Amino acid sequence: MFTGSLVALVTPFKNGEVDYKKQKELIEFHIKNGTSGIVPCGTTGESATLSFEEHERVVGEVVSIVAGRIKVLAGTGSNNTAEARQNIPMRSNSRMNMPV
């Protein structure tokens, strides 16, 4: 299912907000340089400190930007067990649970 190099993508911030422009630049860099897949909201991607809404948007943006060019393995982790469980059904929704 997954082979090659999967990069745990950092979640960039600017002025206390997720910097979606920089996130897109990072994704395009990895695609251009042959990365096999991206892991948004893993431990490197601030999963424990993002709100549920931020977490959901970051993953959604990544899936949209990648647009099937490489695989996406979305993180569901959190420091809060109930919140981590809340993230799992979101990942099971439509295209978010499948390698893109």
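Overview of results
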quantity: Of all residues in the stretch 36-53 being surrounded by fewer than 22 Cβ atoms within 10 Å (Cβ to Cβ) and at pLDDT 90 or above, the one that is farthest from the chain's Cα centre (by Cα); calculated: Ser36
quantity: Residue in the stretch 79-99 that is in contact with a helix residue (DSSP H, G or I) (Cβ under 8 Å, 6 or more places away or on another chain) and at pLDDT 85 or above present; calculated: no
quantity: Residue count for the stretch 51-71, restricted to those that are assigned to a helix (DSSP H, G or I), under 16 Å from Ile31 (Cα atoms) and touching a strand residue (DSSP E or B) at 6+ places or on another chain (Cβ under 7 Å); calculated: 3
quantity: Residue list for the stretch 1-29, filter: surrounded by fewer than 14 Cβ atoms within 10 Å (Cβ to Cβ) and of a type in the set (Gly, Ala, Ser); calculated: Gly4, Ser5, Gly16
quantity: Which numbered condition Gly75 misses (of (1) part of a helix (DSSP H, G or I); (2) modelled with pLDDT under 90; (3) touching a helix residue (DSSP H, G or I) at 6+ places or on another chain (Cβ under 7 Å)); calculated: (1)
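The values are calculated or read from the model by the stated rules, or taken from the named source; none is laboratory data. On a predicted model such as this, the values are computed, not experimentally measured, just so you know. With ideal geometry, Cβ positions are generated from the backbone for all residues, glycine too; neighbour counts draw on all protein chains shown.
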